[in-house]
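Visitor: Below is a structure I'd like to ask you about.
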Amino acid sequence: MFRFEGMKNLESLIKTYKNFPKQGIAFKDVLGIIQDAEVFRELILKMASNNIVKNSEAIISIEARGFIFGSAISFQASKPMLVARKPGKLPGELIQEKYNLEYGEDSLYIQKEAIKKFNSYLIIDDILATGGTAQCVANLIYKNGSDVSGLLTVVELIDLDGRSKFDFPVESILKI
Ligand code: AMP
């Protein structure tokens with residue numbers, strides 16, 4: 001059972017750092033959430049019980065903070081999980097896609113053999129900002145011929161309207 005008083009603390013656990021990692025960016029540090037075991041547990045139970053997770057076949061979580069939430073949700077919901085990783089981290093044959101971040105450019109990779117295993121994926125990350133990162137993972141999934149069943153994040157930065165990029169369902173717990 002959820003204690004929603006606990007969930008109310010969620011926003012207070014997310015510290016904002018102005019001008020990090022670049023001038024003009026208000027960086028939301030979600031690591032405070034996992035320093036409060038009760039809130040983290042309630043959050044994972046809430047996310048794992050969302051229909052977007054229940055109806056998914058498999059999860060792809062995004063390096064690095066997406067792994068924290070994605071793996072806990074996949075454990076709780078008994079869903080298989082793949083990872084989308086930054087350059088130089090994954091062995092074997094890979095598929096790659098470039099993307100623009102709120103504060104820069106990067107690439108993400110997924111193992112070719114792993115992504116063949118499932119037909120449809122739910123993408124999990126910590127924050128939805130411009131949506132460029134999740135779009136990159138969606139493109140990797142489409143490249144493989146699979147479908148995207150949705151995107152789930154802990155935080156959504158609503159002013160950036162990242163969700164308007166997507167034609168699949170998007171769920172977030174905290175809209176700020
Ligand atoms: P975006 O591609 O713009 O939606 O950015 C999402 C990814 O970048 C997530 O993996 C976040 O961890 C990170 N990110 C983007 N903007 C911020 C922000 N303001 N604070 C913290 N992380 C961010």
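Readers should treat all values here as calculations from the given coordinates under stated rules, not as data from a laboratory. Keep in mind that this is a model prediction, so the values were computed, not measured. Every residue, glycine among them, receives a Cβ derived from its backbone with ideal geometry; neighbour counts consider all protein chains shown.
Visitor: Calculate how large, on average over all directions, the projected area of the Cα convex hull of the stretch 10-175 is; give the answer in nm² to one decimal. Can you show the working numbers first?
Guide: Details: hull surface 36.4 nm².
Quarter of the Cα hull surface area: 9.1 nm².
Visitor: If you don't mind, another one. Contact order normalised by length for the stretch 10-175, with contacts defined as Cα pairs under 8 Å and 6 or more residues apart; what percent is it?
Guide: Working: 319 pairs, mean separation 30.0, N = 166.
Relative contact order comes out at 18 percent.
Visitor: Looking at the chain as a GNM with Cα springs under 10 Å, which of LYS116, LYS18, LYS143 has the largest mean-square fluctuation?
Guide: LYS18
Visitor: Now for a different question. Taking the Cα centre as origin and putting +1 on Lys and Arg beta-carbons and -1 on Asp and Glu beta-carbons, what dipole magnitude results for the chain, to the nearest 20 debye?
Guide: On the way: 22 positive and 22 negative charges, 48 e Å.
The calculation lands at about 240 debye.
Visitor: Let me ask you something else. Taking the Cα centre of the stretch 82-176 as origin, work out the dipole magnitude from +1 charges on Lys and Arg Cβ and -1 charges on Asp and Glu Cβ, in debye rounded to 20.
Guide: On the way: 11 positive and 14 negative charges, 82 e Å.
Using Cβ point charges on Lys, Arg, Asp and Glu, the stretch 82-176 gives about 400 debye.
Visitor: For ILE158 and GLU57, FRET efficiency with R0 = 25 Å and r from the beta-carbon atoms, rounded to 0.05? Kindly include the intermediate steps, with their values, before the conclusion.
Guide: On the way: r = 29 Å, r/R0 = 1.15.
FRET efficiency, GLU57 to ILE158: 0.30.
Visitor: In Å³ and rounded to a whole number, note down the convex hull volume per residue for the Cα atoms of the stretch 101-166.
Guide: Details: hull volume 5.5 nm³, N = 66.
That works out to 83 Å³ per residue.
Visitor: Using a Gaussian network model of the chain with C-alpha springs under 10 Å, which one of GLY70, GLY104, GLY145 is most mobile by mean-square fluctuation?
Guide: Ranking GLY70, GLY104, GLY145 by mean-square fluctuation puts GLY104 first.
Visitor: Which one, ILE25, ILE95, ILE73, has the greatest fluctuation when you compute a Gaussian network model over the chain with C-alpha springs under 10 angstrom?
Guide: Top of the fluctuation ranking is ILE25.
Visitor: Do you know the relative contact order of the stretch 115-176, to the nearest whole percent, from alpha carbon pairs under 8 angstrom that are 6+ apart? Walk me through the intermediate numbers first.
Guide: Numbers: 107 pairs, mean separation 23.5, N = 62.
For the stretch 115-176, the relative contact order is 38 percent.
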